[in-house]
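The values are calculated or read from the model by the stated rules, or taken from the named source; none is laboratory data. None of these values were measured; they are calculated from a predicted model. Don't worry about glycine lacking a Cβ; one is built from the backbone with ideal geometry, like all the others, and counts go over all protein chains shown.
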Amino acid sequence: MTSTKRFLDRIMLLDLFAGLGITFKYIFKKKVTVQYPEERMEPSHRFRGMFRLDEDRCIKCTLCARDCPIDIIYIDWHQEVNPETEKKEKLLDRFDIDLQRCMFCGLCEEACPTNPKSIWLTTKTYELASYERWENLYIDMAELQEWKVRPEYTDREIEK
Amino acid sequence: MAELLSGLREAAGPFLFDYTIQPALKIALVMAVVLGLIAYLTLAERKILGFLQVRTGPNRVGPWGVLQPIADVAKLLVKEDSIPDRAVRWAFVLAPCLVVGPALVIFAVVPFGPSSATTGGANWFITDVNVGLLFVIAMATISVYGIILGGWSSNSKFSLLGGLRSAAQMISYEVPQGFSLVVPLLMAGTMSLNGIVMSQLEQGRWFAFGFFPFGFLAFFVYFVAGVAESNRNPFDLPEAESELVAGFHTEYSGMRFALFFLGEYANMIVVSAIGVTLFLGGWSRPFPNVEVLSFLDLGFLPVGLAGLVWFTLKLVVFLFTFIWFRGTFPRYRFDQLMDLGWKWLIPTSLIAVVGTGLAKILFG
């Protein structure tokens, strides 16, 4: 019985017609294309994008720089007496990230001891391409805190 | 328009007009329409393939991608036209022309609409050869030489393999196609394409449904062999992008590649047009024997134009099926291709030919 059925299928090419039917249905399905420059997909909450740094939360422990596997975080700081509170405070002189070699592993964020983290990558920013190697890829402290091309939804992440 | 033509006829003399000016005008018109159709067939193919794959297809050049073919042609025209160092120059140059030329020549005998006997005015085809079907078979075969020649002359292993595959494919698929073309020939009793359409009208049936199932079998075999003939999926072994880079046109660039491309699409249209003419009643309406459906004759249009509308509709269905096949079926392996051709199509077409002959003697 089954062999006869298989023979009939073969002769009448039923499986081929079934395939044609399935592809025909797909013509009317909703298209999945995202028209990129006009539409953008929002990355997931865990997506590791561009860095951000909050200088007020940062305790200048340099753990992030030490944990960075390719040593691209450069931190200089000095101590100073705050004239208002008369206490000694650490102040950042430099907090630079050389993005050229960064692989966005997120180990710096993991190493950060403050809560909430003072350096984090979940900014959902992924449009980091540039035309020149030296353009935009060396990020200093000011840029890290107020990154100029970051999208609007980044601030929502800060509150979390 | 008609006045202009009749004035021209008087000025040039009826002989000169009927045998040079009128055909030249018709040829110019048909070529323009066919080339435009080919250009937009590429767009339609990319769009439909996109839809089949849940994409949108090209939509950047012009609204809905309408200007895409123009951009493609402009790109191909300005591209560098390179000939490989050790290629056989004359064959390399000749090959693309051999693919395109015959495919376009076939349109000379395709009846797009009724003859002057039906319209009372102009013939809606360029010419009506009394061995039209033979002419079509002869011309359709030449394009394969172009592919083989192109594959051999480019001095590249991929091209050569593509050309050889094309030769083998031709041998296996010309035979069943030829047999299947005999069936409408038997049914109509004439080789003139216009005569075949007219006899479908007289007998009141499309030949695809004549002497069931033999007409249908022949139609099926013709279509499968036609897909193979125009090197389309699932029979695109000569090109075989994943195995042979681009097969026989690997070494071609610029306008010469465009000619091959043009030839493939022209072949698609030719196979469709001949299939429509021989098996699906050409320019006649569906069910020409059912009186109730006579509103399908589109009486509000001139007879010729109504015929052209039906012809175009059937052609579009054919072309859509070509693209649909490409979006559905994977490529046949070489031995499967041979298996299908020799073990299935040739016996089937033989059965169709013998069956039609017997049926014609017994019931015709």
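For the structure I just gave you, tell me whether residue B:42 is modelled with pLDDT of 85 or more and touching an Asp or Glu at 6+ places or on another chain (Cβ under 8 Å).
When the stated conditions are applied, residue B:42 passes them.
Being closer than 30 Å to residue A:36 by Cβ, assigned to a loop (DSSP other than H, G, I, E, B) and out of contact with any Leu (no Cβ under 6 Å at 6 or more places or on another chain) is true for just one of A:122, A:85, A:114. Which residue is that?
Numbers: A:85 fails: closer than 30 Å to residue A:36 by Cβ; A:114 fails: closer than 30 Å to residue A:36 by Cβ.
The unique qualifying residue is A:122.
Within the stretch B:102-124, work out how many residues are small (Gly, Ala, Ser) and under 13 Å from the mean Cα position of the chain (by Cα). If you could, list the steps in order and put the result at the bottom.
From the stretch B:102-124, those small (Gly, Ala, Ser) are B:103, B:108, B:113, B:115-117, B:120-122; that's our starting set.
This time we only want the ones that are under 13 Å from the mean Cα position of the chain (by Cα), so: B:103, B:108.
Qualifying residue count, the stretch B:102-124: 2.
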- request: Please verify whether the stretch A:75-94 includes one or more residues that are surrounded by 11 or more Cβ atoms within 10 Å (Cβ to Cβ) and either within 30 Å of residue B:46 (Cα to Cα) or touching a Pro at 6+ places or on another chain (Cβ under 9 Å) (or both).
  value: no
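For the stretch B:62-98: of the residues being within 14 Å of another protein chain (Cβ to nearest Cβ) and closer than 29 Å to residue B:329 by Cβ, which is farthest from the chain's Cα centre (by Cα)? Write out each step before concluding.
Step one: filter the stretch B:62-98 for residues within 14 Å of another protein chain (Cβ to nearest Cβ), giving B:63-65.
Applying the additional criterion that residues be closer than 29 Å to residue B:329 by Cβ yields B:64-65.
Details: B:64: 27, B:65: 25 Å.
That would be B:64.
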field: Residue list for the stretch A:8-62, restricted to those being within 11 Å of chain B (Cβ to nearest Cβ), assigned to a loop (DSSP other than H, G, I, E, B), among the aliphatic types (A, V, I, L, M) and at negative phi
entry: A:27, A:32, A:34
field: Residue satisfying all of: in the stretch B:323-337; in a helix (DSSP H, G or I) and surrounded by fewer than 16 Cβ atoms within 10 Å (Cβ to Cβ); nearest to the other protein chains (Cβ to nearest Cβ) among these
entry: B:336
- prompt: In this structure, is residue B:38 surrounded by 15 or more Cβ atoms within 10 Å (Cβ to Cβ), away from chain A (no Cβ under 14 Å), under 22 Å from residue B:262 (Cβ atoms) and under 20 Å from the mean Cα position of the chain (by Cα)?
  reply: yes
message: Condition (residue is touching a Lys or Arg at 6+ places or on another chain (Cβ under 9 Å), within 16 Å of residue A:13 (Cα to Cα), touching a residue at least 40 places away in the same chain (Cβ under 8 Å) and crowded, with 16+ Cβ neighbours inside 10 Å) applied to the stretch B:338-361: is it met by at least one residue?
response: no
- request: From B:192, B:180, grab the single residue that is crowded, with 24+ Cβ neighbours inside 10 Å and modelled with pLDDT of 85 or more.
  value: B:180
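For the stretch B:108-125, which residues satisfy the criterion of being of a type outside the set (Gly, Ala, Ser) and crowded, with 20+ Cβ neighbours inside 10 Å?
Of all residues in the stretch B:108-125, those of a type outside the set (Gly, Ala, Ser) come to B:109-112, B:114, B:118-119, B:123-125.
Matches in the stretch B:108-125: B:109, B:110, B:111, B:112, B:114, B:123, B:124, B:125.
Out of the stretch B:230-261, which residues are within 18 Å of the chain's Cα centre (by Cα) and of a type in the set (Asp, Glu)? Step through it out loud before you land on a result.
Let us first name the residues in the stretch B:230-261 that are within 18 Å of the chain's Cα centre (by Cα), namely B:230-236, B:258-261.
Answer for the stretch B:230-261, where residues must be within 18 Å of the chain's Cα centre (by Cα) and of a type in the set (Asp, Glu): just B:236.
Would you say residue A:93 is acidic (Asp, Glu) and closer than 23 Å to residue A:126 by Cα? Reasoning before the result, please.
Values: acidic (Asp, Glu): yes; closer than 23 Å to residue A:126 by Cα: no.
Against the criterion (acidic (Asp, Glu) and closer than 23 Å to residue A:126 by Cα), residue A:93 does not qualify.
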- request: Return the pairs, sorted by first residue and then second, in which the second residue is aromatic (Phe, Trp, Tyr) and surrounded by 10 or more Cβ atoms within 10 Å (Cβ to Cβ), the first residue lies in the stretch A:25-46 and is touching a residue at least 24 places away in the same chain (Cβ under 8 Å), the beta carbons are less than 9 Å apart, and the residues are 6+ apart or on different chains.
  value: A:42/A:153; A:43/A:126
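For the stretch B:338-362: of the residues being among the small types (Gly, Ala, Ser) and closer than 23 Å to residue B:187 by Cβ, which is farthest from the other protein chains (Cβ to nearest Cβ)? Working first, answer last.
If we filter the stretch B:338-362 for residues that are among the small types (Gly, Ala, Ser), which is where we start, we get B:341, B:349, B:352, B:355, B:357, B:359.
Filter once more, keeping what is closer than 23 Å to residue B:187 by Cβ: B:349, B:352, B:355, B:357, B:359.
Numbers: B:349: 14, B:352: 14, B:355: 16, B:357: 22, B:359: 21 Å.
Selected residue: B:357.
Can you confirm whether residue A:69 is more than 17 Å from the chain's Cα centre (by Cα), away from every other protein chain (no Cβ under 14 Å) and loosely packed, with under 15 Cβ neighbours inside 10 Å? Let's see the steps before the verdict.
Details: more than 17 Å from the chain's Cα centre (by Cα): yes; away from every other protein chain (no Cβ under 14 Å): yes; loosely packed, with under 15 Cβ neighbours inside 10 Å: yes.
Considered against the rule, which asks whether it is more than 17 Å from the chain's Cα centre (by Cα), away from every other protein chain (no Cβ under 14 Å) and loosely packed, with under 15 Cβ neighbours inside 10 Å, residue A:69 comes out as yes.
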- line: Contact list, first residue from the stretch B:230-258 and of a type in the set (Val, Ile, Thr), second anywhere and in a loop (DSSP other than H, G, I, E, B), beta-carbon distance below 8 Å, six or more apart or interchain, is B:250/B:154; B:250/B:156
- request: For the stretch B:279-306, enumerate the residues that are among the polar types (S, T, N, Q) and either at pLDDT 75 or above or closer than 24 Å to residue B:269 by Cβ (or both).
  value: B:284
